[in-house]
Amino acid sequence: MKTCSYFTKTILVLMVVLLTACSAEDGATGPAGPQGPQGEQGIQGPAGTDGTDGIDGIDANSTVISSGWFEINTWDTDLSNFKFHRIPDLILTEFQRENSVILVYRRYQLVPTFTTIDLLPFYELDVTNGSIGLAIQSKVSGNGLFLQVQSFGRALVDEEFLGPETQFRYMVIEPESTADKSNTSDYSKMTYEEVVELLGINP
C-alpha cells in the first residue's frame, strides 16, 4: 500500500515539473530561419486603352499674323440694314490675298457669364420663316479686310454690333510657298479653342 502511495506521489511530482516547464515564461525566441525563395512573377495585366490623338501642329514654315480682340467704335458705312467697316492697320499683300487662309471671329459677350465665339460668316435665321435674317461676314477687297453686317427684314439699331459687347479678331495664316497651300487644315470644322491651340497663339 505504501508502495502504491509512493508511486502516486512520484507521478504527481513529475506532472508538476512538466507543467512548470511549459509555462508562459519560456526562454528567448530563437533566431529567424533563412528567407524562402522568391515566388514566381504574376502574369502581366492587360494594356490600357490608347488616349485620344492630339491636334496636329501647323507647318513650322507657315507665318501667322493674328490680331487681338478689337472693337468697332463707328462703322465706315452705317445704314439701317447694312454696316461696313475696314479693319485698320492691316494691308494684305498679293501673296496673302491669293494663298493665305484668313479667319475672322466674332465674340459676343452680353454679360460676363455668357460669351459666344463664332467664325465668320455667321448667319442668324428668321424664326418666323427660317430664312436668313442676319449675316455677319468678312470680305477681302483690294489690299484690305472688311467686316460687313447685313439684316434682312428688320432694321439694325445704331450701336448694334459695336463694342464692348461685340468684338472681332482676325488671323492670316500664310504658307511658306504656294505648294503648301493645299496642305492646310479645314479650320471651319474646328472650334476656336482648337484653332488657337493649333496655331500656338494666345486665346
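When only C-alpha pairs under 8 Å and at least 6 residues apart count, what is the relative contact order of the range 106-170, in percent?
The normalised contact order for the range 106-170 reaches 31 percent.
Counting only residues 5 or more places away or on other chains, whose amide H sits under 5 Å from the amide H of G163 once H atoms are built in the peptide plane?
Amide H neighbours of G163, under 5 Å, 5+ apart: I72.
Less than 12 Å Cβ to Cβ from T191, Lys/Arg counted +1 and Asp/Glu -1: what total charge do the surrounding residues give?
Overall, the nearby charge balance is -3.
If contacts are Cα pairs under 8 angstrom and at least 6 residues apart, what is the relative contact order of the range 63-174 in percent?
Numbers: 211 pairs, mean separation 49.1, N = 112.
The normalised contact order for the range 63-174 reaches 44 percent.
Multiplying the sequence separation of E176 and V140 by 0.36 nm and subtracting their Cα-Cα distance, what value in nm do you get? Walk me through the numbers on the way to the answer.
Numbers: separation 36, 0.36 × 36 = 12.96 nm, distance 2.07 nm.
Length difference between fully extended and current span is 10.9 nm.
Taking a ≥ b ≥ c as the square roots of the eigenvalues of the Cα gyration tensor of the range 63-174, is the shape rounded (a/c under 1.5), prolate (a/b larger than b/c) or oblate?
In terms of gyration-tensor shape, prolate.
Listing F161, F122 from the residue with the fewest other Cβ atoms within 10 Å to the one with the most, what is the order?
Arranged by neighbour count, lowest to highest, F161, F122 become F122, F161.
Under a Cβ-Cβ cut-off of 11 Å, what is the net charge of the residues other than T74 that fall near it, where Lys and Arg count +1 and Asp and Glu count -1?
Summing Lys and Arg as +1 and Asp and Glu as -1 gives -4.
Between V127 and F95, what's the calculated FRET efficiency when r is the beta-carbon distance and R0 is 41 Å? Round to 0.05.
So, using R0 = 41 Å, E works out to roughly 0.40.
How charged is the neighbourhood of E159? Take every other residue with its Cβ under 12 Å from the Cβ of E159, and add Lys/Arg as +1 and Asp/Glu as -1.
-4
Quick note: the coordinates plus some simple rules give every number you see, no bench work behind them. Owing to the predicted nature of the structure, the values given are computational and were not obtained by experimental measurement. Virtual Cβ from ideal backbone geometry, glycine too; neighbours counted across all protein chains shown.
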